[in-house]
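The values are calculated or read from the model by the stated rules, or taken from the named source; none is laboratory data. None of these values were measured; they are calculated from a predicted model. Note that each Cβ is placed from the backbone with ideal geometry, even for glycine, and that neighbours are counted across all protein chains shown. Please note that ligands, DNA and RNA were not included when accessible areas were found on the heavy atoms of the full protein model with its side chains. Shrake-Rupley method; radii C 1.70, N 1.55, O 1.52, S 1.80 Å.
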Amino acid sequence: PAKPAAQSPMKLTALQLLLWHSALWMVQEATPLGPPSSLPQSFLLKCLEQVRKVQADGAVLQERLCAAHKLCHPEELLLLGHALGIPQAPLSSCSSQALQLTGCLRQLHSGLFLYQGLLQALAGISPELAPTLDMLQLDITDFAINIWQQMEDVGMAPAVPPTQGTMPTFTSAFQRRAGGTLVASNLQSFLEVAYRALRHFTKP
């Protein structure tokens with residue numbers, strides 16, 4: 001069932017609080033827990049479904065930013081993104097060269113937590129984009145909670161949650177829209193790596 005699109009970021013406080021307490025503690029070296037079969041197939045398949053849902057939400061945001069504001073080429077905004085301090089989430093433990101089960105899930109959860117904060121920073125981007133942004137936030141939150149609960153179930157969850165990193169401050173409508181274009185583009189790249197890793201973990 002579709003979630004109500006009218007929810008504002010201010011109403012996400014409870015979900016943000018849950019994410020805050022269940023946030024990922026990033027570690028320098030993650031030790032693999034075991035083979036892919038140590039995770040339930042039902043969890044992995046749900047994750048794959050959630051990746052595609054968040055990707056679809058992100059694609060809608062990209063399309064609307066392109067159509068309404070002519071922000072169609074994120075590569076043209078990279079210098080601005082650097083100046084604004086828009087962070088990217090690492091997924092080194094999910095790469096095909098260094099795939100680690102525990103490290104990948106932890107980085108995936110931490111990355112979703114980061115993107116949830118970035119989308120919160122984009123609040124007020126424009127009235128016509130607000131419902132799309134809200135839906136994207138809700139679906140990312142659901143995905144992060146799903147991963148955290150599974151990590152707790154199998155003993156992967158870190159003991160100490162981190163504090164939220166410093167989010168960029170957008171001081172104009174253009175900066176918010178340009179930031180939205182970059183965040184959506186970075187999110188899609190993040191999700192593609194995550195999808196490949198999750199597909200690998202579903203293999204027997």
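Only a single criterion out of (1) under 18 Å from the mean Cα position of the chain (by Cα); (2) at pLDDT 85 or above is not satisfied by Q164, namely (2). For I140, the conditions (1) more than 30 Å from P204 (Cα to Cα); (2) modelled with pLDDT of 95 or more are fulfilled apart from (1).
A quick yes/no check of all residues on (1) touching a strand residue (DSSP E or B) at 6+ places or on another chain (Cβ under 8 Å); (2) among the acidic types (D, E); (3) within 23 Å of S38 (Cβ to Cβ):
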| residue | (1), (2), (3) |
| --- | --- |
| H109 | no, no, yes |
| P127 | no, no, no |
| D139 | no, yes, no |
| A144 | no, no, yes |
| Q150 | no, no, yes |
| A157 | no, no, yes |
| F174 | no, no, no |
| A178 | no, no, no |
| T181 | no, no, no |
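Screening L112, L136 for residues that are without any contact (Cβ under 8 Å) to a residue 40 or more places away in the chain, on the phi < 0 side of the Ramachandran plot and touching a helix residue (DSSP H, G or I) at 6+ places or on another chain (Cβ under 7 Å) leaves exactly one candidate, L112.
Every test in (1) farther than 30 Å from H200 by Cβ; (2) open to solvent by 60 Å² or more (accessible area, probe 1.4 Å) is passed by E63 save one, and that test is (1). Of the helices (runs of 4 or more DSSP H) lying entirely inside the range 90-204, those carrying at least 1 residues that are among the basic types (K, R) and buried (at least 20 other Cβ atoms within 10 Å of the Cβ) are 101-121, 173-201.
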